[in-house]
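Colleague: The structure that follows is given in the form of structure tokens.
The values are calculated or read from the model by the stated rules, or taken from the named source; none is laboratory data. Treat the numbers as computed from the prediction; the structure is a model and nothing was measured. When we count neighbours, we look across all protein chains shown, and the Cβ atoms used for this are built from the backbone with ideal geometry, even at glycine.
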Amino acid sequence: METRLVELVGPSATDIRTRRRTYTFRYRSAEHWVEFFRSFYGPTHKAFAALDEAGRQALHAALLDLLARSHRGNGGGFRVPGEYLEAVVTR
């Protein structure tokens, strides 16, 4: 992974540190999550826009199913963890 980061930032990087982090998405419900991402997150918005009505309904249902399996809340709203890689580069 660090080799690919060096390719991105160039040879001036003197130190690269990475670690896996988790961001917890918090929404009112799974339905709210889908509507928010459908409206404001480019890749999700484009995916819905590229489909016909049947495809949009299928994508909507598939996202709700995925979110139901990922939900970590306990009555206080809807929470889904999302993992990302934090990279700190020193030059």
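Colleague: Which ones in region 67-91 are surrounded by 13 or more Cβ atoms within 10 Å (Cβ to Cβ), in a helix (DSSP H, G or I) and free of Cβ contacts under 8 Å to residues at least 24 places away in the same chain?
Modeller: Answer for region 67-91, where residues must be surrounded by 13 or more Cβ atoms within 10 Å (Cβ to Cβ), in a helix (DSSP H, G or I) and free of Cβ contacts under 8 Å to residues at least 24 places away in the same chain: just Ser70.
Colleague: In region 1-56, which residues are farther than 30 Å from Val89 by Cα, of a type in the set (A, V, I, L, M) and in contact (Cβ under 8 Å) with a residue 12 or more places away in the chain?
Modeller: Of everything in region 1-56, those that are farther than 30 Å from Val89 by Cα, of a type in the set (A, V, I, L, M) and in contact (Cβ under 8 Å) with a residue 12 or more places away in the chain turn out to be Ala30, Val34, Ala47.
Colleague: Now, a different point. Within region 52-66, which residues are surrounded by 10 or more Cβ atoms within 10 Å (Cβ to Cβ), farther than 13 Å from Glu31 by Cα and not aliphatic (A, V, I, L, M)? So that I can check it myself, show each step before the final result.
Modeller: Going residue by residue through region 52-66, those that are surrounded by 10 or more Cβ atoms within 10 Å (Cβ to Cβ) are 55-66.
This time we only want the ones that are farther than 13 Å from Glu31 by Cα, so: 55-56, 58.
Across region 52-66, the qualifying residues are Gly55, Arg56.
Colleague: Every residue in region 1-51 that is surrounded by 11 or more Cβ atoms within 10 Å (Cβ to Cβ), assigned to a helix (DSSP H, G or I), at pLDDT 90 or above and not small (Gly, Ala, Ser), please.
Modeller: If the condition is that a residue be surrounded by 11 or more Cβ atoms within 10 Å (Cβ to Cβ), assigned to a helix (DSSP H, G or I), at pLDDT 90 or above and not small (Gly, Ala, Ser), then Glu31, His32, Trp33, Val34, Glu35, Phe36, Phe37, Arg38, Thr44, His45, Phe48 are the ones that fit.
Colleague: Given the structure, is Arg56 basic (Lys, Arg), modelled with pLDDT of 95 or more and over 14 Å from the mean Cα position of the chain (by Cα)?
Modeller: yes
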